[in-house]
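One structure is given below, encoded as structure tokens.
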Amino acid sequence: MHLPTGIYRTLTTIAAVVLLTVAMAACSGDDDDDDTAATVISSGSSTTSTTSTTTHATQSSSGGTTGTYATSDDDASDSGGWSGSATQSYSNASSADEDDSADYAPASPAPRATVVAQQRATPAARPPTPASPSTPQRSGPSATTFKNYGRTPFVDASSDAVSTFSLDTDRTSYFLALNWVRNGYAVEPDSVRAEEWVNAFAYHYEQPRDDLSFSIRSDVVAHPLGGGRHLARVALQAPELRDDTPVNVTLVLDASGSMAGGNRVDIARTAAETIRQSLGSRDRIGVVHFTTDVLEQYTVHHRPPGNRDIVRSIERLAPHGSTNVQAGLNRGVQLAEQARRERPDAFNYIILMSDGVANVDATNPFAILDSAPDRDHLNPLRLITVGVGIANYNDYLLEQLAQHGNGWYRYLDDTAQARSTFSRENWLALSRPFADQARAQVTWDPWFVQSWRIVGYENRVTPDHTFEQNRKEFAELPSGAATTVFYELVLRDEARSRSATLADIEVRWVHPVTGDTYAQTATVQGSTGAPFDAGDRYLRFGAIVALAADRYSALTPQVANAAVDAGGIHSDLEALLAELGLLHERLGSAEAYRDFRQVLDSLTVAAAELAPSTGYSQ
């Protein structure tokens with residue numbers, strides 16, 4: 001039968017549409033298959049208390065004890081992602097907050113992981129790179145103080161196979177950089193601490209199976225920048241504790257003239273008020289204001305959080321005078337010690353809110369800490385530092401005070417972030433310590449590993465012999481905290497394209513209540529033939545963050561007047577930007593991804609401005 005030409009064309013078009021729809025449906029099952037990681041997860045393996053009075057031993061595993069190179073089933077259901085906004089730390093995001101607009105579920109290795117052949121989906125095309133700004137970025141804000149800690153070199157495993165470092169959960173370095181980029185400034189390389197960039201993001205690690213151990217995860221993949229190298233990730237997840245131990249909080253508020261810049265006072269006042277509102281009826285709070293000296297008319301000894309004198313003191317925070325951080329902290333310690341004597345069963349926090357611009361009496365962080373030492377190691381005073389401001393800001397002072405004051409460091413860039421960071425939900429986690437003096441030691445197998453290098457942690461690396469010592473400068477980890485560390489590896493031929501145990505891991509910490517010392521062990525295992533895109537989206541994103549921060553920090557020479565390979569750094573950043581683009585389809589709707597994309601764009605532009613000209617026209 002002969003059909004009219006118009007009808008024939010219509011039927012042909014309909015058939016083509018039907019065939020295309022069937023083809024798309026057939027391909028949809030392979031949407032997200034690249035979460036194939038060489039992964040080991042250990043939850044509570046070989047955990048012991050090293051004290052003679054108490055011994056706890058658990059051995060459990062949420063995954064196999066061999067590396068895997070298999071597709072995880074994490075894409076089947078969305079268990080949440082980087083919820084919230086940039087006003088809060090990304091790693092505080094709850095995996096329970098579902099986001100149906102994207103697929104961010106964490107990897108879930110099989111119970112007995114094995115190496116299997118798996119066809120991977122073709123990565124989505126990278127979205128176009130935004131054009132470089134037509135005008136150069138502004139140089140950094142004035143009167144800022146950072147410390148260049150250098151970069152750790154590759155270490156020959158045959159001469160030194162042991163890596164020892166304090167765990168870290170700070171993330172201030174990243175949020176400082178994000179604030180600078182949003183305000184049009186080029187990021188200062190000395191401000192970059194790669195570990196704080198990595199730990200600013202949530203990777204949704206599996207929770208431990210008990211409240212006395214970490215969940216420890218390791219992964220091995222090929223290096224995204226090539227060169228025959230590999231990357232290993234070691235991740236430690238602390239349990240989320242349900243603890244109703246009361247707290248004593250001492251607010252030490254900077255009321256100096258430098259706080260008049262921008263909205264620093266508003267941010268500090270909002271943070272202080274949010275903390276007060278987050279406290280419970282069994283908690284107590286005291287307040288100290290300082291300028292050139294302590295403003296005693298605003299000092300309030302510890303009282304219930306609803307006390308009118310506490311509320312009034314916070315409301316009256318205003319800038320005037322110089323900055324005597326030493327005087328403020330000394331007075332805060334006096335109040336905190338009195339509260340500790342009166343309430344010995346409570347946790348004790350001193351919270352310093354300042355721009356760090358100390359200019360009266362001691363201005364060195366160690367001299368300030370030495371002027372008011374805390375000798376009670378069983379129930380320590382935990383110093384939290386909260387930084388505010390951009391220009392006229394001393395990052396080094398605030399970071400070191402927290403690191404050596406048995407606490408942690410946060411940065412707030414507006415009042416919304418102040419409210420989010422210290423909301424009751426976040427405060428309940430932050431004020432519940434899981435581990436004091438936490439540190440890790442990774443021992444590489446020289447038979448398989450030719451050389452190794454830790455990415456970041458330069459000011460957390462510690463001599464190997466200190467690992468067995470309980471030292472105050474080792475980190476405090478709050479409830480639910482996660483620590484991630486990446487290593488760059490050069491493997492020997494014996495380790496290539498096989499499943500291998502590359503290193504032993506040991507973690508030690510002090511229980512914040514009993515004072516017992518705990519130890520836990522695990523291994524770094526994996527299939528060394530796994531390509532970079534075999535890693536799950538979180539591993540790949542974290543690796544890109546770590547390497548970008550590490551490479552950019554190298555723009556500052558480690559030795560005065562030494563040459564800097566700005567061209568090589570720019571090439572690495574461009575390659576990492578391309579790798580980040582491959583994650584756009586699956587992470588692009590998350591604010592954390594978009595923020596980091598903006599930061600990485602800025603780093604790449606800044607490096608390009610320093611790189612030598614190619615001689616070609618644009």
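Of the residues making up the range 549-578, those that are surrounded by fewer than 22 Cβ atoms within 10 Å (Cβ to Cβ) and not aliphatic (A, V, I, L, M) number 10. Here A435 meets each of (1) assigned to a loop (DSSP other than H, G, I, E, B); (2) more than 30 Å from G228 (Cβ to Cβ); (3) of a type outside the set (D, E, K, R); (4) open to solvent by less than 10 Å² (accessible area, probe 1.4 Å) with one exception, condition (1). The test for being at negative phi and not in a strand (DSSP E or B) holds for A418. Within the range 231-260, the set of residues being open to solvent by 10 Å² or more (accessible area, probe 1.4 Å) and touching a residue at least 60 places away in the same chain (Cβ under 8 Å) comprises Q237, E240, L241, D243, T245, P246, G257, S258. Which of the residues belonging to the range 174-227 are surrounded by fewer than 21 Cβ atoms within 10 Å (Cβ to Cβ) and among the hydroxyl-bearing types (S, T, Y)? Result: Y185, single match. Report yes if A522 is closer than 23 Å to S191 by Cα, at pLDDT 95 or above, aliphatic (A, V, I, L, M) and touching a strand residue (DSSP E or B) at 6+ places or on another chain (Cβ under 7 Å), otherwise no. The answer is no for A522. Restricting attention to the range 311-347 and to residues that are of a type in the set (G, A, S) and either modelled with pLDDT of 95 or more or assigned to a strand (DSSP E or B) (or both), the residue that is surrounded by the fewest Cβ atoms within 10 Å (Cβ to Cβ) turns out to be A318. The single residue among R242, R308 that is charged (D, E, K, R) and modelled with pLDDT under 95 turns out to be R242. In the range 128-149 there is at least one residue matching the filter, namely being outside any loop (DSSP other than H, G, I, E, B), more than 30 Å from P433 (Cβ to Cβ) and either basic (K, R) or at pLDDT 75 or above (or both). Every listed requirement among (1) in a helix (DSSP H, G or I); (2) surrounded by fewer than 22 Cβ atoms within 10 Å (Cβ to Cβ) is met by W447 save one, (1). Within the range 226-263, the residues that satisfy the criterion of being closer than 19 Å to Y538 by Cβ and either touching a helix residue (DSSP H, G or I) at 6+ places or on another chain (Cβ under 6 Å) or assigned to a strand (DSSP E or B) (or both) are H230, L231, A232, R233, V234, A235, L236, Q237.
Taking residues in the range 374-385 that are within 11 Å of V513 (Cα to Cα), and partners anywhere that are outside any loop (DSSP other than H, G, I, E, B), the pairs with Cβ atoms closer than 7 Å and at least 6 places apart or on different chains are N379/R340; N379/N348.
Give the residues of the range 412-432 that are out of contact with any strand residue (DSSP E or B) (no Cβ under 9 Å at 6 or more places or on another chain), surrounded by 18 or more Cβ atoms within 10 Å (Cβ to Cβ) and among the small types (G, A, S), sorted by residue number. Residue satisfying the conditions is S420 alone. When the residues of the range 457-487 are filtered to those that are of a type in the set (K, R) and within 14 Å of N406 (Cβ to Cβ), the one that is surrounded by the most Cβ atoms within 10 Å (Cβ to Cβ) is K472.
The values are calculated or read from the model by the stated rules, or taken from the named source; none is laboratory data. None of these values were measured; they are calculated from a predicted model. Cβ sites come from the backbone with ideal geometry, for glycine too, and all protein chains shown count toward neighbours. Note: areas computed on protein heavy atoms with side chains; ligands, DNA, RNA excluded. Shrake-Rupley method; radii C 1.70, N 1.55, O 1.52, S 1.80 Å.
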